[in-house]
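This report concerns only the one structure given below.
The values are calculated or read from the model by the stated rules, or taken from the named source; none is laboratory data. Everything numeric here is computed off the predicted structure, so don't read it as measured data. As a convention, Cβ positions derive from the backbone with ideal geometry for all residues, glycine included, and neighbour counts pool all protein chains shown. Protein only, heavy atoms only, side chains kept; ligands, DNA and RNA dropped before computing areas. Shrake-Rupley method; radii C 1.70, N 1.55, O 1.52, S 1.80 Å.
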Amino acid sequence: MPSDDLFDGNEWERRVSTLLSLRYGAGGYQRVPAQHRGDAGIDGFSVSDGNCYQSYAPAQPLPVRDLYERQRDKITADINKFITNSARLSAILGTIRVRRWVLVVPEHSSADLIEHAATKTALVLASNLPYVADDFRVMIHTEADFAVESRTLSSSGVARVRTDASEPTSEQIDGYLSSESTALVNLRRKIAALHSGEHNPTFAVTVRTLVRAFLVGAAELAELQTNYPEVYSEVRAAVRRTEDRIMLQSLIDDRSAREFLRQTLESIERDVGDAAPAVRHLTTRIAQQAIADMLMRCPLSFGENAASGESLA
């Protein structure tokens, strides 16, 4: 998971609680606050299927082994509380018999953790607890196990979407620059007009920067399309609406090309953020990709004197 995509523990607990409330509906999920006397090894439980839930998120990115050890220790500590707080949990749970104790984490990367959960399952069953069902099991879930609820939450704008798009490598950028595609030819022509020719020292830097922005934004959009299709549709619709408006404005606007592009970038950021609040943290990347895509694809062109401040043509 990228370091800028980490949850702190409280944020993750709130997110998991919201996901569970969406899954079980009003009155179907009961949070167990920890502020008074602790949570006794559970953050909450379902009144319908006997599942108890506990959340955990590390404070920093960790290698697989270290992450496993932190999650293993979390299970150990909370299952011990789940066993030793029998009187309190009996009072909290009432007639509910717990079938699953589920640790919900942002990332799960080790089969060893499942083995550890199995040993804790045996320990709980051997304890003959009055609130534990015969088919009890300790399990580990991630947000992927709440795909429908996650999409609902992100589409509502209550929580931001989480993407794991990879940054393009220098080799990928170089490969695109050497492709001589129609899109790249269009981009070079328009940037050459802005910089008074391809021999300007900033020409190559600008083209490379725009290609990188295109690849970065395209990767983010691909993640949205796969994991958050409703949000993706909102984003694409917002970009198309802005593009349609820009095409008309470009025919009648007397602003310089540089000023027009700057204001277009800001407009796309604003429009996408308003249409899809869950991606406000991604609007800069999405807007930069849209600008690069427009320069590659659309009929927008710059006049011969665009670099000196002349208007779009």
Exercise for the section: Choose one answer from Val211, Val235, Val148: the residue with the largest mean-square fluctuation in a GNM of the chain with alpha-carbon springs under 10 Å. Expected result: Val148
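So if we plug the beta-carbon distance of Val205 and Arg31 into 1/(1 + (r/R0)^6) with R0 = 41 Å, what FRET efficiency do we get, rounded to 0.05? Before the final figure, lay out the partial values.
On the way: r = 53 Å, r/R0 = 1.28.
Between Val205 and Arg31 the formula returns 0.20.
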Fill in the blank from the handout: Of every Cα-Cα pair in the chain, the percentage lying beyond 25 Å is 60 percent
Exercise for the section: Calculate for the chain the 222 nm mean residue ellipticity that helices alone would give, adding -39,500 (n - 2.57) per DSSP H run of length 4 or more and normalising by residue count, nearest 500 deg cm²/dmol. Expected result: -19000 deg cm²/dmol
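Need the full-extension length gain, Asn10 to Ala87, defined as separation in residues times 0.36 nm minus the C-alpha distance. One decimal, nm.
Values: separation 77, 0.36 × 77 = 27.72 nm, distance 2.70 nm.
Taking 0.36 nm per residue and subtracting the Cα distance, the gain is 25.0 nm.
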Exercise for the section: Determine the per residue accessible area of the chain with all protein chains present and a 1.4 angstrom probe, expressed in square angstrom. Expected result: 49 Å²
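Could you sort 285-294, 110-119, 93-102 so that the peptide with the highest average Cβ count within 10 Å comes first and the rest follow in order? Working shown, then result.
Working: 285-294: 22.7, 110-119: 14.8, 93-102: 17.3.
Answer by packing, highest mean first, reads 285-294, 93-102, 110-119.
May I ask for the net charge around Leu210, where only other residues with Cβ less than 12 Å from the Cβ of Leu210 are counted and Lys, Arg are +1 while Asp, Glu are -1? If you can, show how the numbers build up before the last one.
Details: positive: Arg188, Lys190, Arg208, Arg212; negative: Asp293.
Summing Lys and Arg as +1 and Asp and Glu as -1 gives +3.
By its C-alpha gyration tensor, with a ≥ b ≥ c as the square roots of the eigenvalues, how is the range 152-251 shaped: rounded for a/c under 1.5, else prolate for a/b larger than b/c, else oblate?
On the way: a/c = 2.95, a/b = 1.59, b/c = 1.86.
Oblate.
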Completion exercise
The distance between the Cα centres of the range 53-123 and the range 176-210, in whole Å, is 54 Å
Problem - Pair Ala77, Ala237: separation of 7 Å Cα→Cβ label points (nm) - result: 4.5 nm
Problem - Segment Asp49-Ser179, length gained on full extension (0.36 nm per residue, minus Cα span) - result: 41.2 nm
Handout entry: Crossing angle, helix 9-24 versus the chain [Cα axis fit, 0-90 degrees, rounded to tens]
Key = 80 degrees
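In debye to the nearest 20, how big a dipole does the chain give about its Cα centre with +1 on each Lys and Arg Cβ and -1 on each Asp and Glu Cβ?
On the way: 35 positive and 42 negative charges, 152 e Å.
The dipole magnitude comes to about 720 debye.
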Exercise for the section: Using a Förster distance of 45 angstrom, determine the FRET efficiency expected from the C-beta separation of Ile114 and Glu171, and round it to 0.05. Expected result: 0.75
Practice task
On a 0 to 90° scale, report how tilted helix 257-275 is relative to the longest principal axis of the chain, with both axes built from alpha carbons and the result rounded to the nearest 10.
Solution key: 20 degrees
